[in-house]
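Have a look at the structure below, then the notes.
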Amino acid sequence: MPRLFEPFVSTKDADQGTGLGLSICHGLVKAMGGGIEVRNGPEGAVFTVLLPRAMGVAGPAG
């Protein structure tokens with residue numbers, strides 16, 4: 001997991017992807033001031049995307 005967001009790192013065979021997907025997502029989320037957390041869940045990987053709230057936008061009702 002330490003190298004999960006590095007470009008071209010993949011557990012798939014070479015003909016099944018480039019290994020860029022998570023790297024691109026991570027870069028986009030970081031550019032928006034957020035982050036991505038990852039953990040192993042009972043059925044596989046669990047990714048949580050955290051983004052800052054836009055200014056002037058109300059929070060959840062209640």
- Query: Per-residue HN-Hα couplings for region 53-58, Karplus 6.51 cos²θ - 1.76 cosθ + 1.60 at θ = phi - 60°, whole Hz, x for Gly and Pro?
  - Reply: 6, 5, 4, x, 9, 5
- Query: What is the extension gain from R39 to L51, computed as 0.36 nm multiplied by their sequence separation minus the C-alpha to C-alpha distance, in nm to one decimal?
  - Reply: 2.5 nm
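We did not get these values from a lab; they are worked out from the coordinates using the rules stated. Since the model is a prediction, treat every value here as computed from it, not as a measurement.
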